[in-house]
1. Any idea which of (1) out of contact with any strand residue (DSSP E or B) (no Cβ under 8 Å at 6 or more places or on another chain); (2) under 22 Å from A:Val26 (Cβ atoms); (3) crowded, with 16+ Cβ neighbours inside 10 Å is the one A:Gly217 doesn't satisfy?
2. A:Arg78: within 7 Å of another protein chain (Cβ to nearest Cβ), under 15 Å from A:Gly47 (Cβ atoms) and more than 32 Å from the chain's Cα centre (by Cα), yes or no?
3. Take the residues of segment A:435-460 that are at the interface with chain B (Cβ under 8 Å from one of its Cβ atoms) and either in a loop (DSSP other than H, G, I, E, B) or over 22 Å from the mean Cα position of the chain (by Cα) (or both): which is farthest from A:Ser170 (Cα to Cα)?
4. Does segment B:338-354 hold any residues that are surrounded by 18 or more Cβ atoms within 10 Å (Cβ to Cβ) and either under 30 Å from A:Glu377 (Cβ atoms) or at pLDDT 85 or above (or both), and which are they?
5. Does A:Gly144 fit the bill of being at the interface with chain B (Cβ under 7 Å from one of its Cβ atoms), surrounded by fewer than 24 Cβ atoms within 10 Å (Cβ to Cβ), of a type in the set (Gly, Ala, Ser) and touching a residue at least 24 places away in the same chain (Cβ under 8 Å)?
6. Can you go through A:Ala431, A:Ala462, A:Ala467, A:Ala452 and tell me which one is surrounded by fewer than 24 Cβ atoms within 10 Å (Cβ to Cβ), closer than 28 Å to A:Glu495 by Cβ and hydrophobic (A, V, I, L, M, F, W, C)?
7. Do we have B:Val346 as out of contact with any Lys or Arg (no Cβ under 8 Å at 6 or more places or on another chain) and in contact (Cβ under 8 Å) with a residue 12 or more places away in the chain here?
8. Which fully enclosed strands (runs of 3 or more DSSP E) of segment A:1-94 have 2 or more residues being within 30 Å of A:Gly145 (Cβ to Cβ), touching a helix residue (DSSP H, G or I) at 6+ places or on another chain (Cβ under 9 Å) and touching a residue at least 40 places away in the same chain (Cβ under 8 Å)?
Amino acid sequence: MIRFEEVSVTYDGSDRPALAGADFTVPEGELVLLVGPSGAGKSTLLGAVGGLVPHFTGGTLRGRVTVAGRDTRTHKPRELSDAVGTVGQDPLAHFVTDTVEDELAYGMESLGLAPAVMRRRVEETLDLLGLAPLRDRPLGTLSGGQQQRVAIGSVLTPHPRALVLDEPTSALDPAAAEEVLAVLQRLVHDLGTTVLMAEHRLERVVQYADQVLLLPGRGEPPVLGDPAALMARSPVFPPVVGLGRLAGWSPLPLTVRAARRRAAELRGRLAHRSPPADNGRADRASSGAEEGPSAEGPGTTGSGAAASSGAGAGATGSAAPRSVASGSAASGPGTAGPGAVRPGAAGPDTRRSDKKAPAPAPVAVVRGLGVRRGRVEALRGVDLTVRPGETVALMGRNGAGKSTLLSALVGLLAPTAGTVHVQGLVPHRTAPRQLLGHVGLVPQEPRDLLYADTVAAECAAADRDAAAAPGSCRDLVTRLLPGIGDGTHPRDLSEGQRLVLALAVILTARPPLLLLDEPTRGLDYAAKSRLAGILRELAAEGHALVLATHDVELAAEIAHRVVILAEGESVADGPTAEIVVSSPSFAPQVTKILAPQQWLTVAQVEEALT
Amino acid sequence: MPRTTALPRRGPLRPAPLASRSGALHPGAWWLWALGLGTAASRTTNPLLLGLLIAVAGYVVAARRTSAPWARSYGAFVRLGLAVLGIRLLFAVVLGSPIPGSHVLLTLPEAPLPDWAQGVRIGGRVTAEGLVFAAYDGLKLATLLICVGAANALASPFRLLKSLPGALYEVGVAVVVAMTFAPQLIADIGRLRAARRLRGRPDKGLRGLLQVGLPVLEGALERSVALAAAMDARGFGRTTPVSAALRRTTGALTLGGLLLVCTGTYGLLTEDGSGYAPPLLGAGVAAVLAGLRLGGRRSPRTRYRPDVWGARAWLVAASGAAVAAVMIWAGSAYTEALRPGVVPLVAPELPVWPAAGILLGLLPALVAPVPPPAQRPGRTPEPEAEPAATGSAAPRRDRLRPAPADPHTPEQPPGAEEFT
C-alpha cells in the first residue's frame, strides 16, 4: 500500500539527510506505529507519504515513494488526496471551512464528486465517527477530541486507501485520546484502512499496532517489524515495556493485561518490600539537595522570607520587599559561593521526614477561589495550599480549570470569588516585575515566552527583566540542559530544548513558586525523563512546583500530591500514591500492573529490586 | 437533487418550519431584504420612519437569528450606528452647521482661524435647527448600518461565499480563511500579552501591544503555511485540463466584457452617452458572466448541499423590495412628510401609507425558517470541554440552558445582551 524504496530526504541548507535508507512496505489494512525519538525524521517520513515532502517543504528526495501505486514524484499532494489522507497534531490548523458538515465535504468537493455521493458519504462518516449530533456546530466550539475526530473524518470522506497521522493524541486528555483511538481501531478493523501513525505517547497506542516502524535516530534507516520484538531495542518505550525489560520478560508484553498475567512472580518478589516512603523521592531529593550550595536557589529566598515574616499570608507587606531585596542581592546560581547555603535549601525534605517539626509556611494559599469568564464558571470554591519543596500535579479533563487555576496563581486572571495569596502577595494586584520574583509560569506553548532572535539575547533579556546578575539565565540553561548554542534561534530548538530555555528564563528571577502548564506536550521519553529530573532537583532545592498535566506517568514520577479538578471544582486532593492508585484513568501503567501493591514507576521497582 | 422549501399549500396557515441545513434560507435573500430596507432608509430623514425601520430590522433579527458566532455581530453594528450618530452630533456642535437657525441653544467660544480657512468654523453658535438636522442625518446613516448588520447577523457569510460562481471560488476561499484568521489573531495577541506579563514586563499600553506584533505575525505566517499544506493535501487547486481554445475564449470574454462594462459606465456618467451606454453595459455584463461560467470549467469542483433559492427566499427578498418600492413612491407623494423641515422647526409626523409599507419588511419574521433551538442538555452525548490550547472560554452554541449553573454553558439566552 505504502512503499518506500531506498528513500532519503535532505532538506535545503542541511548537510545531513533528515531521513535515510528508508526501504519498507506497509501492507494494506495494517495499523503501523511509527516510533522514534524526536528529530529522528518521523514527520519527514509521514510527509513523504502524502507527497508534502518534498513538494511542499522543499528539499531533495532520493528513491521512490509509492502510495496505492502512485509515485509521489509525479503526483502532487493534491493529486494524491483521494489515495492518502493526512492529519496533523493540531486539527485547527487543518480546517478550511467553518462547520463540521462542510469540513467533511471539503475534500470531496475538491475532487468533484457528484452531490448525491457526497451527501451519502457525509452521512456515513458522521455515523462512523459519532459526529452526527455535532453536524451543524462551528468547528471552533468543539472540544479537542471532537476536533481531532472531525479532522480524521474530513480526510476519510474521499475514501483514501491510507491514512497518515502525526501525533493525533498528543495534545488530548486521556478520555479524548481514547475517543480518537477507538475511531482509528474501527477504521482499521471494519474498513480495512491502512493507518500509519506517529505518536510520542506510546503507552496509549502501542497495543493497537499491528507492526512498529522504528526510526532509531536521525539518519538511521527505519526498521519495520513485530511490536514486541522492536520494543525490546527501541530507544523510546512505554512504562509497561520498561517494566517488562526490567523483569526480563520475553516476548515483551505491550498491554497492561498481558503484563499482569506475567507479573505474578514479580509481585511475589516485591511483596516483602514496600514502595519507598514519599514515593521513593526522599533519597533522590536528598541527593538533589547536595547541589544546594552550588545552586543557591529560590528556596532560600522563599522560605527565608516566609519564615522570617512568620505568619504567611497575613504579613504581606513585610514579606514582599524583603524577598525582592534578597533576590536581587543574591548573585547568580553558578557564582554563589559555598557560604550561601541556607537552611531553606535542604529544608523541605528534612522537614517531611521529621513529622514533629512544624510544617513550613505555605508559598501559595488559595481559598474558595472562583473565576468566571463571561458566563462560564471556570473555577468554583477551589482550595489549595502549596508548601516549599512540594510538587503538586493538577489533573483533569481539558477544560476542567487547570490552566485557569495556574493563571489565577500568576495573576493573569482576577478571582471573582475567594482569595489567592502567593507569599502574601495578591498576584493580580501586583506589578508584573515585582511578581516575577515570587511566582513564575511556563505556559503550554513555551515559545510564547521567547521573543529574541538568539538564545544569548533571550538570556540577557531575562537577566534584565529579573534584575539578576548578567549570565544568571545562561548558567541556568547550561546547568539544566548542556549543549544549547548561544547563537541558536529559539525557533530552531527542539520542543524539549525550548521548554528548558523557557524554564530557565522564568527561573532566572528565582521564584519560590513555579507553575508549569502541560510541560510534557510534544516531548519524547528522553526529554520527558530529563525534565522530570530537572523538576525533581528544583523541588529538592525548595521550589514549590504546581504542574497541570494529562501525563499520568509524569505525575506519578515527580508529584508529591495530586489535585484532580472536574468542572472547575477540586474533587480530590491527596498524596500521589493514594489518589492515583485508586483511579482507573489516572493510574500509571506500573500501578495497574502491580496492583494491589502501590508501585508508581519503573524506577521505584528497579530501586526496590536492587 | 432539486429541493425546494415548499410553502404550505392550502388550508390553515402553518407556522414556518425549523431551519435545517436543506431548508435554510438562501443568504442572498437576507441581503436583498436588508438592502431593500437600507434603500428605504436612504429615502427619508423622518426620525419616526427611520425608527420604524430600525424596529422592523431589529424584530426580524430577534425572531430569526441563529446562535452562530456571526449572528452576534448585530450588537456591534447597533453600537457602531449609535457611535456614528454621536459623532455627527458632535461635529454639528463643534464645527457648526450650514443650516441657518434662530433658536440658539448655547454659544461656544469660537477659535479664530486664518483667512485661507474661510468657511470653516470651530465653535460659535449652536442652534437647535442645526442639531436637529444633524440628528436626522446621523440617524439615517445609523439605520443604514443597522440594516447591513441585520443581514450580517441573519445570513452566514460563509454560505454566501459558497454561492459565488466557480471561477471566483478561490477568491471566496481567501476571504473565508481571512475571516477565520482574525479571531485567532486576536486570541494570539491576548496570549502573547499574557506571556509578557509572565516575563515581568508591563502587559498594558501601546508598547506592550507593539512588542508582541512580531511574534503574532510569525505565528500567523506559520499557521497559514500549515493551512496551505493541509489544503493542498486535501485536493485544493485540482484542475482539469481544458483545451487551449476554451482558455482563450474565456480570457477574451472576461477581458472584453470588462472593457465593455467600463465604457458603458463611462457613457452613463457623461451627458451625451445615454443612447449607446445601456446596451454596451448589458453586453459587457453578459460577456463577463459567460467568461466566468466558462472559467469555472477548469475547476472540477462540485458543491456540497448548495443553498436553494426557494419560495421562502422569494418572499423574503420581495418584502425588502416592497419596502424600498413604497418609499421610492412615497418620495414624490409624501415629500413633506419624508423630509420634515428643520427651518422652521416642526415636529415630524408619521405618514400612514409609508409607515404601513415599512411594516411589509416584517414578513421574514413569519415566513423565514425558525432557527432550531440549539443543543439542549442531553442532546450532545459527549461531555464538552474547552479547547485546551487557548484555555479561553470559547463561545459555544448551546443556549437555552441555565446560565452559570454549568461551566460548559457560556451562551446567553437569545438576544439578551445585544438589545440592551
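1. Against the list (1) out of contact with any strand residue (DSSP E or B) (no Cβ under 8 Å at 6 or more places or on another chain); (2) under 22 Å from A:Val26 (Cβ atoms); (3) crowded, with 16+ Cβ neighbours inside 10 Å, A:Gly217 comes up short only on (3).
2. Spelling it out, A:Arg78 is indeed within 7 Å of another protein chain (Cβ to nearest Cβ), under 15 Å from A:Gly47 (Cβ atoms) and more than 32 Å from the chain's Cα centre (by Cα).
3. Among them, the one singled out is A:Leu435.
4. B:Leu338, B:Pro340, B:Pro348, B:Pro351, B:Pro354
5. Working: at the interface with chain B (Cβ under 7 Å from one of its Cβ atoms): yes; surrounded by fewer than 24 Cβ atoms within 10 Å (Cβ to Cβ): no; of a type in the set (Gly, Ala, Ser): yes; touching a residue at least 24 places away in the same chain (Cβ under 8 Å): yes.
For A:Gly144, the condition - at the interface with chain B (Cβ under 7 Å from one of its Cβ atoms), surrounded by fewer than 24 Cβ atoms within 10 Å (Cβ to Cβ), of a type in the set (Gly, Ala, Ser) and touching a residue at least 24 places away in the same chain (Cβ under 8 Å) - is not met.
6. The unique qualifying residue is A:Ala452.
7. Working: out of contact with any Lys or Arg (no Cβ under 8 Å at 6 or more places or on another chain): yes; in contact (Cβ under 8 Å) with a residue 12 or more places away in the chain: no.
Considered against the rule, which asks whether it is out of contact with any Lys or Arg (no Cβ under 8 Å at 6 or more places or on another chain) and in contact (Cβ under 8 Å) with a residue 12 or more places away in the chain, B:Val346 comes out as no.
8. Output list reads A:31-35, A:84-87.
The values are calculated or read from the model by the stated rules, or taken from the named source; none is laboratory data. What you see is a predicted model; the values in this text were computed from it and never measured. Virtual Cβ from ideal backbone geometry, glycine too; neighbours counted across all protein chains shown.
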